[in-house]
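A.B. asks: Can you read through this structure? Questions will come right after.
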Amino acid sequence: MQSRKYYRIILGSKHAYAEDCYQRNCFGGNWGFTQTLENDLTETGQEFRSQQIPIYLKNNPGASKVAAGLACGMLWRIAKGIRIDDMVLCPDGKGNYWVGRVISNYAFDANHPLPHQRGVEWHPQTISRADMSEELRNSSSSIGTVSEITKHADEIEQLLTGSLAPQIIATNSDIEDPSVFALEKHLQAFLVSNWDKTLLAKEYKIVQEGGENIGVEYDTDNGRIDILAIRKDGTELLVIELKRGRASDRVVGQILNYMGYISSQVAEEKQSVRGCIIALEDDQKIKNAIAMVPSVDFYRYEIDFKLLKIS
């Protein structure tokens, strides 16, 4: 039996349709697809993207294949990938999240701004962003309309029943130390905010579309890439994975998985794909693994903590 999954769904730019969807007991998406997808919803997101990316690019001249892949992937997730009985969290734009159980399959409403819809039964209890742990707040604030947050299922259920969430929750068995996981979540934010000051910025920039860093937590069928960057001359995509206390061999396997996805589903013709692991420690396992994978680089980060006297 398939286990229940949890998703964060944003209902329009700046939550423009949040209240309307709440009143109509639904959630949905758009992405410029104005016709029903009833006969186009394949069983896998990969097949759907292969069919729909050319349509997206035709409807959005100038859009990159990276943006097309992300949009089509989120559209498939809304319409097909999210299953009946899964849970969705939708921000209301006022600091709270409505939580609902998915109760129906895909439906098309041509008269609604978010025409590709699913029915939902809203929980009477909302979740305040202020009550969330920092890690859940970060996950629920990730870029993109659809974001899977199943790893926070326990915390979400506790919040719905009125239990206070602990400061750091780790439900992922790959995480050895929850405090390290939280610290390295700040690393991601730091890298994005200070990208121009890093060594990587000399050759790469974070993938953007319409002024938005769509390369941050780039969604794939197998999870989210921490950062997706592109060489400034456009010839290469760079998959960046931050080591969050996992065993090193798992990190190498994960990044190779992501690289394969980007190469087959996102990269343009003749555009190569490279990987980069950033971690606190350069342990021997990583050295051994990367020595056999020339397309993956390793960077070690250092924390420089200073006190500056103001007065």
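A.B. asks: Using a Förster distance of 45 Å, how high is the FRET efficiency between ASN96 and ALA291, based on the Cβ-Cβ distance and rounded to 0.05?
C.D. replies: Numbers: r = 50 Å, r/R0 = 1.10.
Between ASN96 and ALA291 the formula returns 0.35.
A.B. asks: What does the charge count near GLY215 come to, summing +1 for each Lys or Arg and -1 for each Asp or Glu among other residues with Cβ under 10 Å from its Cβ? Let's see the in-between values first.
C.D. replies: Numbers: positive: LYS205; negative: GLU209, GLU212, GLU217, ASP226.
Once all neighbours under 10 Å are counted, the net charge is -3.
A.B. asks: Compute the convex hull volume of the Cα atoms of the range 178-300, divide it by the residue count, and report the result per residue in Å³ as a whole number.
C.D. replies: Working: hull volume 13.5 nm³, N = 123.
It is 109 Å³ per residue.
A.B. asks: Can you tell me the length gained on complete extension of the stretch GLU302 to LYS58, counting 0.36 nm per residue apart and subtracting the Cα distance?
C.D. replies: Details: separation 244, 0.36 × 244 = 87.84 nm, distance 4.48 nm.
So the extension gain works out to 83.4 nm.
A.B. asks: Dipole magnitude of the chain about its Cα centre, charges +1 at Lys/Arg Cβ and -1 at Asp/Glu Cβ only, in debye to the nearest 20? Mind showing how you got there, number by number?
C.D. replies: Details: 35 positive and 42 negative charges, 88 e Å.
Approximately 420 debye in magnitude.
A.B. asks: Work through the residues other than GLN52 whose Cβ is under 13 Å from its Cβ and net out their charges, Lys, Arg +1 and Asp, Glu -1. All intermediate terms of the calculation are to be shown ahead of the outcome.
C.D. replies: Values: positive: ARG49, LYS58, LYS65, ARG77, LYS80; negative: ASP40, GLU47.
Net charge in that neighbourhood comes out at +3.
A.B. asks: For a 27 Å ceiling on Cα separation, which of these pairs sit above it: LYS5/LYS243; LYS80/LYS151; LYS151/LYS197; LYS94/LYS232; LYS58/LYS270? Could the numbers behind the result be given before it?
C.D. replies: Details: LYS5/LYS243 24 Å; LYS80/LYS151 21 Å; LYS151/LYS197 32 Å; LYS94/LYS232 38 Å; LYS58/LYS270 21 Å.
Violating the 27 Å limit, Cα to Cα: LYS151/LYS197; LYS94/LYS232.
A.B. asks: Limiting things to C-alpha atoms, what are the Rg and the maximum Cα-Cα separation (Dmax) for the chain, in angstroms?
C.D. replies: 20.0, 68
A.B. asks: If the label point is 7 Å along Cα→Cβ of ASN25, which residues in the range 96-114 have backbone nitrogen under 20 Å from it?
C.D. replies: 98-114
A.B. asks: So, one more: Using r as the Cβ-Cβ distance of GLU47 and LYS232, and R0 as 30 Å, what FRET efficiency do you calculate, to the nearest 0.05?
C.D. replies: Values: r = 33 Å, r/R0 = 1.09.
The formula returns an efficiency of 0.40 here.
A.B. asks: How far apart, in nm, are the 7 Å Cα→Cβ label points at GLN284 and LYS309?
C.D. replies: 4.6
A.B. asks: Here's another thing I want to ask about it. Between GLU203 and ARG129, what is the FRET efficiency for a Förster distance of 41 Å, r being their Cβ-Cβ separation, to the nearest 0.05? Intermediate values should be presented prior to the final figure.
C.D. replies: Working: r = 37 Å, r/R0 = 0.90.
My answer for the efficiency is 0.65.
A.B. asks: Which of LYS65, LYS58 has the fewest other C-beta atoms within 10 Å, and how do the rest follow up to the most? Show your work: numbers first, answer last.
C.D. replies: Working: LYS65 18, LYS58 10.
The fewest-first ordering by Cβ neighbours comes to LYS58, LYS65.
A.B. asks: Another one. Using every alpha carbon pair in the range 6-160, what percent of pairs falls into each 5 Å bin from 0 up to the bin containing the largest distance?
C.D. replies: Binned Cα distances yield the sequence 2, 9, 20, 22, 20, 14, 9, 4, 1, 0.
Read-outs throughout are calculated quantities, based only on the coordinates presented, and are distinct from any laboratory measurement. For clarity, every value in this text was computed on a predicted model and none was experimentally measured. As a convention, Cβ positions derive from the backbone with ideal geometry for all residues, glycine included, and neighbour counts pool all protein chains shown.
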